[in-house]
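Colleague: Here it is, the structure, as structure tokens.
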Amino acid sequence: MRSTGSPCSARPSLPTEVKPHGQPLWLLAELTYKCPLQCPYCSNPLDFSDYSSELSTQQWLDLFQQGRELGAVQLGFSGGEPLVRQDLKQLIGGAHEMGYYTNLITSGVGLNADKMADFRDAGLDHIQVSFQASDESVNNMLAGSEKAFQQKLNMAKEVKAQGYPMVLNFVTHRHNIDRIDRIIELCIELQADYVELATCQYYGWAHENVEQLLPTRQQLEHAEQVTNRYRQQLEEAGNPMKLIFVTPDYYEERPKGCMNGWGQVFLTITPDGMALPCHSARMLPIEFPRVTEMSLQEIWDQSPGFNYFRGDDWMQEPCRSCDEKDKDFGGCRCQAYMLAGDMHAADPVCGKSPDHHKIEAVRQRSETVRNDSSAFVYRNTRNSRIFARG
């Protein structure tokens, strides 16, 4: 791919100063934005329908090789729904031959036993199946599909039957978090090895639906108590299943160390070849490079986009003087941009941020919002085009 794309004269200029950084150990390949589901918390861009062009099989394989040369060891196949790509087996096989540990992140829709076996033969290491809920009606309501739950259930069982690690992901929110005991019971029934109870984080479509998704503090605390009780029971029973409970940023007083630091260990490639330091960064007013214009090494080491928030010279107060800035790196740049209107600002999740009241206001509204699934803005092409027009 180094010889394709724009001529050298049209390539983005490189910075005069390259800031200290690590290696891109984790490479996320967003193979497509196409998906049969319409989840109202999808992390894809709001205007995803504007990005219909996709990298070819050979372009992806070339990128994987470049990633290995940079030190990448883990490769995630994501989307949209990566199963939409007809060349997925070929991509898995190529990545396996290069020495990657490969992970398929899927809704399970479009998967079957034969495909799963083919992927295993090609060298796939890991399949993560996502659920919307433990209840069929709630799951299908959120997915926008009447058949999604049964398909997911069948494929989760097949993952176990074919010897893959059983990894399940449940995005939890106000419409399903009160049933977290049933979610965990379902995971026990399926003999899961790892379960991520990933309380929704509010980017992309989830940000558009934040008032219908954000649980109350009482709901969140109850869910964590239930999870801890099950952890104790599992330990006492000798069940090795791991329960990972992820608290939403909106109920924290200090921001997370987003992506372990900007441009430090994580590299995302979008379906149309844009390179990003995190999957949400496309929303920021930064010119990010495309893999058809620059090599991955140039992008990672030298591009202005990847160097933009490395280090701390970009920080404003209170981050600049904060003694925790080496831990949280100022928090999430996308969250700062969405809520404070300034990507350089302190993450409003932080109690020190002058915009923290915006987080507190959303929390307060969650106490009075009535659950109303008809108020959801679902991820679909029609809504995408509406958002794209502004």
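The values are calculated or read from the model by the stated rules, or taken from the named source; none is laboratory data. Since we're looking at a predicted model, the values are computed, not measured. So basically every Cβ, Gly included, is an ideal-geometry build from the backbone, and we count neighbours across all protein chains shown. With ligands, DNA and RNA removed, areas are computed over all heavy atoms of the protein, side chains included. Shrake-Rupley method; radii C 1.70, N 1.55, O 1.52, S 1.80 Å.
Colleague: When Gly330 is evaluated against the numbered criteria (1) open to solvent by 40 Å² or more (accessible area, probe 1.4 Å); (2) touching a residue at least 40 places away in the same chain (Cβ under 8 Å), which criterion, by number, is the only one it fails?
Modeller: (1)
Colleague: Filter the range 40-68 down to the residues that are open to solvent by 20 Å² or more (accessible area, probe 1.4 Å) and hydrophobic (A, V, I, L, M, F, W, C), then identify the one that is nearest to the chain's Cα centre (by Cα).
Modeller: Cys42
Colleague: May I ask you to say which residue of Glu253, Glu236, Glu293, Glu287 is open to solvent by less than 50 Å² (accessible area, probe 1.4 Å) and of a type in the set (Asp, Glu)?
Modeller: None of the other options fit; the residue is Glu293.
Colleague: Out of all the residues in the range 368-376, is one or more within 14 Å of Glu208 (Cβ to Cβ) and modelled with pLDDT under 95?
Modeller: Yes: the range 368-376 contains one or more residues that are within 14 Å of Glu208 (Cβ to Cβ) and modelled with pLDDT under 95.
Colleague: Read through the list (1) assigned to a loop (DSSP other than H, G, I, E, B); (2) among the acidic types (Asp, Glu); (3) modelled with pLDDT of 95 or more, then give the number of the only condition that Asp301 fails.
Modeller: (1)
Colleague: Show the residue pairs that are 6+ apart or on different chains and have beta-carbon atoms under 6 Å apart, the first residue being within the range 36-48 and under 23 Å from Leu111 (Cα atoms), the second being among the hydroxyl-bearing types (Ser, Thr, Tyr) and open to solvent by 40 Å² or more (accessible area, probe 1.4 Å).
Modeller: If the second residue must be among the hydroxyl-bearing types (Ser, Thr, Tyr) and open to solvent by 40 Å² or more (accessible area, probe 1.4 Å), the pairs left are Gln38/Tyr378; Pro40/Tyr378.
Colleague: Identify, please: which residue in the range 229-266 is out of contact with any Gly (no Cβ under 7 Å at 6 or more places or on another chain) and of a type in the set (Val, Ile, Thr) and is, among those, nearest to Ser366 (Cα to Cα)?
Modeller: That would be Thr247.
Colleague: Is one or more of the residues making up the range 333-347 within 19 Å of the chain's Cα centre (by Cα), part of a loop (DSSP other than H, G, I, E, B), under 23 Å from Cys42 (Cα atoms) and touching a residue at least 12 places away in the same chain (Cβ under 8 Å)?
Modeller: Yes; the residues of the range 333-347 include at least one that is within 19 Å of the chain's Cα centre (by Cα), part of a loop (DSSP other than H, G, I, E, B), under 23 Å from Cys42 (Cα atoms) and touching a residue at least 12 places away in the same chain (Cβ under 8 Å).
Colleague: Kindly provide the set of residues from the range 69-93 that are surrounded by fewer than 21 Cβ atoms within 10 Å (Cβ to Cβ), of a type outside the set (D, E, K, R) and either over 22 Å from the mean Cα position of the chain (by Cα) or in a helix (DSSP H, G or I) (or both), ordered by number.
Modeller: Passing the criteria: Leu70, Val84, Gln86, Gln90, Gly93.
Colleague: Can you report the number of residues in the range 16-68 which are assigned to a loop (DSSP other than H, G, I, E, B) and of a type in the set (Gly, Ala, Ser)?
Modeller: 5
Colleague: Test Asp178 against the criterion of being closer than 30 Å to Gln233 by Cα, surrounded by fewer than 20 Cβ atoms within 10 Å (Cβ to Cβ) and touching a helix residue (DSSP H, G or I) at 6+ places or on another chain (Cβ under 8 Å), and give yes or no. Let's see the steps before the verdict.
Modeller: Values: closer than 30 Å to Gln233 by Cα: yes; surrounded by fewer than 20 Cβ atoms within 10 Å (Cβ to Cβ): yes; touching a helix residue (DSSP H, G or I) at 6+ places or on another chain (Cβ under 8 Å): yes.
So Asp178 fits the description; yes.
Colleague: Is it the case that Gln150 is more than 30 Å from Gln218 (Cβ to Cβ) and assigned to a loop (DSSP other than H, G, I, E, B)?
Modeller: No.
Colleague: Of the numbered conditions (1) out of contact with any strand residue (DSSP E or B) (no Cβ under 6 Å at 6 or more places or on another chain); (2) of a type in the set (Ser, Thr, Tyr); (3) crowded, with 16+ Cβ neighbours inside 10 Å, Ser130 satisfies every one except a single condition; which is it?
Modeller: (1)
Colleague: Within the range 114-121, can one find any residue that is open to solvent by 20 Å² or more (accessible area, probe 1.4 Å) and modelled with pLDDT under 95?
Modeller: no
Colleague: Same structure again: Just wondering, is there one or more residues in the range 314-326 that are within 24 Å of the chain's Cα centre (by Cα) and either open to solvent by less than 40 Å² (accessible area, probe 1.4 Å) or under 20 Å from Leu276 (Cα atoms) (or both)? Can you show your working first?
Modeller: Pass one, the range 314-326, residues within 24 Å of the chain's Cα centre (by Cα): 325-326.
Now narrow it down to the ones that are either open to solvent by less than 40 Å² (accessible area, probe 1.4 Å) or under 20 Å from Leu276 (Cα atoms) (or both): none.
No, every residue in the range 314-326 fails to be within 24 Å of the chain's Cα centre (by Cα) and either open to solvent by less than 40 Å² (accessible area, probe 1.4 Å) or under 20 Å from Leu276 (Cα atoms) (or both).
Colleague: For the range 173-199, which residues satisfy the criterion of being over 27 Å from Tyr101 (Cβ atoms) and either within 16 Å of the chain's Cα centre (by Cα) or not in a helix (DSSP H, G or I) (or both)?
Modeller: Correct list: His173, Arg174, His175, Asn176.
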